[in-house]
1. Per residue of the stretch 746-757, what does 6.51 cos²θ - 1.76 cosθ + 1.60 with θ = phi - 60° give for ³J(HN,Hα)? Whole Hz please, x for Gly and Pro, Karplus curve as stated.
2. Using only Cα atoms and rounding to the nearest 10 degrees, what angle (0 to 90) does helix 490-499 make with the longest principal axis of the chain?
3. Stick to Cα atoms and the Kirkwood definition of Rh, then tell me Rg/Rh for the stretch 682-733.
4. Using the alpha-carbon atoms, what tilt in degrees (0 to 90, nearest 10) does helix 542-557 show relative to the longest principal axis of the chain?
5. Please give the helix 421-432 orientation as an angle from the longest Cα principal axis of the chain, in degrees from 0 to 90, rounded to the nearest 10.
6. Between the stretch 558-630 and the stretch 216-241, what is the C-alpha centre distance in whole Å?
7. Taking the alpha-carbon centroid of each part, what is the distance from the stretch 401-437 to the stretch 672-698 in angstrom?
8. With no solvent and one equal point scatterer per Cα, compute the Debye intensity ratio I(q)/I(0) for the stretch 391-472 at 0.12, 0.22, 0.26 Å⁻¹ and report its log10, rounded to two decimals.
Amino acid sequence: MLTIKIKVSLFTVLLVGILFSYQTIKAQVQLNNEYKSNIDWPLFMSRHDLIWEELPLQWNEGAFVGNGQIGMMIYVNQKDNNITFHIGRQDVTEHRKAPDKKSSIGVFGANGFNDFTRFDIGKMTLQPTGKILSCSIRQNLWDAEIVAHFVTEAGALDFVASCPYNNNVNVVEVSSTEKTTASNSFQWAFKPGRAFPPRMATKGDSSASYVRNPSPVLYEKDGYHYCEQTLTAGGDYATVWKEVQSKTNNKSTFYMTTANEIPAAKQSVIKGKQNIDEVMNGSLEKAKAANRNWWHAFYQKSFLSIPDAKMESFYWIQLYKMATCSRPDAPAVDLFGPYFRISTWPFHWWNLNIQLAYWPVYASNHLELGENFITIVDDNFETLLKRQQEKTLGDFAWAMHNYYWQFSYAGDWKSLKEKWLPKAEKIAQVYQTKLTRNASGKLEIVPLGSPEYKGFETFPNTNYNHAILRWLLNTLITVNDKTNAGSKDVAVWKQTLADLTPYPVDANGLMIGSNQPVDMSHRHFSHLLALYPLFQLNPDNKEDKDLVVKSVKHWHQIEKGKALAGYSFTGASLLYNSLGMGNESLEIMHQFLGDSTRASRILTNTFYVESGGKNPVIETPLSGAAGVMTFLLQSWGSKIRIFPALPDTWKEASFDKLRAEGGFLVSASRKEGKTEWVQVKSLAGEPCVVKVGDWTNMVSNDKNIRITKTAIPGEFIVELKKGQQVLLLPSKNAGAITLSAIKNDKKYFNAYGVKKGQQIKGNQFWAE
């Protein structure tokens, strides 16, 4: 099979243009350098708010709010007649193999199930006087607040819940009209979680050798309530809360926080009280105003609107979700973020989960949400590589693609040279020990894992590792050349690429390995990484495209797809979009959002669960948000592709300040099936090739910016310096230049929450 390298030098592109159809297009019209925005942000975001018409009766139906470090999932416990606020903090983990740190993740030999597992902090409950009958809840995305109204047999109870971004405090403002003879019609109570490995809770407590952590200590002092949890390894974390009554009866403000000063001892209770005091003494209204301002600025860093109201809402909810789960000074996102619950998988997983979780941060222009991924790799690189240098080597090597994207989307070659390159070189050295020469002199990859296929079996020449190794070596060569790094192994990398055996294929397309076809339904798309996200197979090459199309169809059709999971659908959508097959991608996304994903399901609050609803895994819906963006913008192969995979039914679409690799901010609008305009801003001064499939010509709003048409239809070289911005048009008669939201049918607005008749039948939780 012929594989064409995608990354083409600017010189080559220019030369092709000269030989075939060189044409310099001079701007013939002077236009404003900016388009006009018609977006009413509060109104636009309100159509994506989650709305509950029925009681959320469990975690799987709850409303959620967080600030990237702490957060809470809110639902109703009918049995105990309370409103449950299941609270979480991402860095509350076991650390018994690293007493001087918050987590043992960086210790070789430490086990995620016991040694750096997440802990369940607990549930705060709000109990009204009367039996809870019904509710109306709105999760206000624009302000990042939950507004709730509950009807009880004794009246009504209302609250507003928030988690101010600059304060690690959950705030609930409560008012009640319930009739009661008691001094207060509602009561708060705390049920501590267990500082015990959740895996043991789900699989049965059979580990006699596990030394349990002490029971928590609860007490009250000076109007503050404390739950102090000491750990056997040393230090403690603490949940602190305080209720401030209003002068008006049956109205109060409730503050709760979890502080984690591990490895220090007896400091978490002090820090927790300080967190609450800072909000109370500094004025709650100021904290809420600052929180709203942060969220308003966050959303406006980028924009997209598509003619599919439900999918559009899904995208914006995922963006909100990711920001409630990730911030630069918090741990990397695991399977829960701050929305922890008892689960079989209570820590980071590297064979797909952490990679997919971060996919939406790059093109959405929210690289700040990816900084903690860089931190977890930087802080634990040697341990992680050593831990996974055998059959799971590909998992950690794949994670380094996220690491690469973080800086590639920023156009930050300095960080690629200083931070990514040395790590990638070490992984490449390990891969060299996994290669063996066959009788023909070609290099084969020794048996390694292909995630989850037949459990943890190994196979020779896995396409998973073939794709990762090819990407790793090609990118090492590119970064070395671009930055003049002088790497000593360049010749080895080039020779390895030249000597590698081809990808194993059969009549159904890409195989798992050279001795293992895709002969059963399987949820993971590891054997397809050569297309997305690594682009070592070229969608512009017919042979490569035909191979991938055949492979994806076989993957989804074998055994009628009985083993497919949610990310099998988001992955297929991304693959189809990469191939420019928007119709097929749209169909796959509708299946995913329509909850036809068999053993696993997307929930009505957009969370995703497996194992009969018992195990939440956050990465799948987040990867779906990345898929939505690839309908509109792609930037693989050193080209910025505008509307590369729009379905035939999408005659309109718009986006603003999405990111492309190389450090570009890109905006565009499409109406009546035609691309109206494109705006590109270069943040790093990288070569800029823009492809607009339905344009035969391109004019600039700046006569000083040179545009060159290449031999490839719809493709143009735009010469931008660092900091330059250009508005691009198909002709000088472009008319009004505006950015607008798509006018979708209002009946499809606010699709998420729990609507009438949507409550899940049966509780989906592990016994606690």
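1. 3J(HN,Hα) across the stretch 746-757, in whole Hz: 4, 5, 9, 6, 6, 6, 10, x, 10, 8, 4, x.
2. Approximately 80 degrees, to the nearest 10.
3. Values: Rg = 10.7 Å, Rh = 11.3 Å.
We get a ratio of 0.95 for the stretch 682-733.
4. Once rounded, the angle reads 30 degrees.
5. Approximately 80 degrees, to the nearest ten.
6. Going from one Cα centre to the other spans 41 Å.
7. First find each Cα centre; the distance between them is then 30 Å.
8. Debye intensities relative to I(0), on a log10 scale: -0.40, -1.00, -1.21.
Where a number appears in this text, it was derived from the coordinates with a stated rule and is not lab data. Computed from a predicted structure; not experimentally measured. For neighbour counting, all protein chains shown are included, and Cβ atoms are generated from backbone atoms with ideal geometry for every residue, glycine included.
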